[in-house]
Each structure stands twice: as C-alpha cells, then as structure tokens.
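One structure below.
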Amino acid sequence: MTDLQTKKPLFSAKPAVPSRLADAVSDAIAAALFDGRIAPGEPLPPEGEIAREFGVSRPIAREALRQLTSAGLVSTQQGKVARAKEINGEPLEKIYGYAVRSSLERLQEANEMRRVIEAGIARLAAQRRHKPGLVAMERALADMRDGLGDPAAFTEADILFHLGMAVATGNLMIRVQMEGMRSVQREVSELFSRRSNRTRADWSATIDRHQALFEAIAAGNADLAEQKTITHFEAADIASLEVADELGSKGGEA
C-alpha cells in the first residue's frame, strides 16, 4: 500500500451539516433573490418543494421562510406561497425610525452616521454618475423649488435628492442603505423645517446647497462633491439638531 493510499484525507468526503439548517436554506434562497434568479413579485416554490430540494424537513423550510420574511425579503400569507419582495431599505428604515424617535441622543448619533456615510456616497456618485440617479436628483431639485415654503413637500423632495445620489453610484447596497436612512432624514428635515425663525432665504439657501452638490457630482468632481456634502450637513442638519435640543429642553422644563 502506497503512502498516498494510507494518508488520511484533509477534509471528510461527507459534507459538513450546518448547525442550523434553516440558516443554510435561507442563505441559498436569499442569494437567488439578490442575484435576480427570483424576481420581485415572483412566487417561491411551495414549502414542501423547498424541503425536498434542500433535503430538509418541512419545519426547517418553514423556519427559513420565516427568517426571510423577517428580513423583508419575502412576503408570506396564510395558505399562499411566499413571494419575493423588491430588495429595499424598509427593514433598516424601521429600525432607524424607532431609534431616532426614542431620544435626542440616538437622533444625533444617526445624523452623525448620515454625515459619515453620505460624504463617501457623494464621492462615489461623482466618480460613476449613473444616469438614473442624476435624473432623480434633478427632479428633486425642481420639486424643492416647487415646494418652497411647504415643509412636507420640501422634505419629500430632499429625501428624493439624497436617494438619487445613492442611485448615481450604481451600487445596490448603497441604495438600500440610503433608503434605510430615510426615517433619519425625515426626522431631521422636519425639525429644520419647523424652525419658527426660518425665512424664505433659508429655504432658498438649502436649495442652493443641494444644487451645488448636484453640480459637483454631475461634473465628476469627487473631492468637491464630498466637501459640498460636509458643508450641507454643517449648515442644515446641525441647525436641525439645535432645534431638537431646544425642544428637548422645553420638554424637560415642563
């Protein structure tokens, strides 16, 4: 018998069984969702078929579908097959929404997160300049001008602008992250819009900052786009948080 025949294999020929089979099943299905093999709205195979394909029990397949539903990747209804959902930031948006409404400290932390993340997004958007994102940003600027003095309309246009910036990167995960941060942006923008001393010139200055950021991205100037993002946060969001602090102080005195 040769040394090659007597040498023990480095790895067992039998595949290792995951400690949680449901995780392995949900990971495989999620991969199919992310790479487009299962399109949004398309039904997934029935529970029994999923169990057979993966060689697991029906309860394991059911648990995997529950995990995907909790993650916002799949929608399920009693007595019906599960369907793929469009991949978006809705689960993150809910988490961030709960956080920023819980306390001023969490709101300030979330706003700090936005500042760090969006500076990098602006840089990448300027480097890639994907057309759908630039179009969305231009439309948002027009909506801002139309909504001048209308806090609700202005806030939605502001959110659209920043989402467009994420789309301009051409990066799915960045778009999902920006969608998740909408609840943070909405809270900050609404606080800023509620400032009692806000003038029409303040509204116009906000539009000008967005316009300057758009122009830097459209021109492909990554350094300038990053700087314009930082400038925007310094001028707008910090003022919003000052309003939040004032509101918190008044609440504490009451």
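The table below gives the values:
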{"quantity": "Among the residues listed as His130, His210, His162, the single one being more than 15 Å from the chain's Cα centre (by Cα), touching a residue at least 24 places away in the same chain (Cβ under 8 Å) and under 18 Å from Asn88 (Cβ atoms)", "calculated": "His130"}
{"quantity": "Some residue of region 73-96 being at pLDDT 90 or above, of a type in the set (S, T, N, Q), more than 15 Å from Ser183 (Cβ to Cβ) and over 27 Å from the mean Cα position of the chain (by Cα)", "calculated": "no"}
{"quantity": "Single residue of region 97-110 satisfying the filter (modelled with pLDDT under 90, hydrophobic (A, V, I, L, M, F, W, C) and surrounded by 16 or more Cβ atoms within 10 Å (Cβ to Cβ)) that is nearest to Arg37 (Cα to Cα)", "calculated": "Ala110"}
{"quantity": "Qualifying residue in region 182-194 (condition: modelled with pLDDT of 95 or more and polar (S, T, N, Q))", "calculated": "no"}
{"quantity": "Condition met for Met113 (open to solvent by less than 90 Å² (accessible area, probe 1.4 Å) and either at pLDDT 95 or above or touching a strand residue (DSSP E or B) at 6+ places or on another chain (Cβ under 9 Å) (or both))", "calculated": "no"}
{"quantity": "Residues satisfying the stated conditions in region 116-133, i.e. surrounded by fewer than 17 Cβ atoms within 10 Å (Cβ to Cβ) and part of a helix (DSSP H, G or I)", "calculated": "Val116, Ile117, Gly120, Gln127, Arg128, Lys131, Pro132"}
{"quantity": "Every pair of residues 6+ apart whose Cβ atoms lie under 9 Å, when the first sits in region 108-125 and is touching a residue at least 12 places away in the same chain (Cβ under 8 Å) while the second is assigned to a helix (DSSP H, G or I) and among the aromatic types (Phe, Trp, Tyr)", "calculated": "Ala110/Tyr96; Asn111/Phe233; Met113/Tyr96; Arg114/Phe233; Arg115/Phe233; Glu118/Phe233; Ala119/Phe233"}
{"quantity": "Number of positions in region 165-180 that are open to solvent by 40 Å² or more (accessible area, probe 1.4 Å), in contact (Cβ under 8 Å) with a residue 40 or more places away in the chain and under 13 Å from the mean Cα position of the chain (by Cα)", "calculated": "4"}
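The values are calculated or read from the model by the stated rules, or taken from the named source; none is laboratory data. None of these values were measured; they are calculated from a predicted model. No Cβ is skipped: glycine too gets one built from the backbone with ideal geometry, and neighbour counts run over all protein chains shown. Heads up: the accessible areas ignore ligands, DNA and RNA and are worked out on the full protein's heavy atoms, side chains in. Shrake-Rupley method; radii C 1.70, N 1.55, O 1.52, S 1.80 Å.
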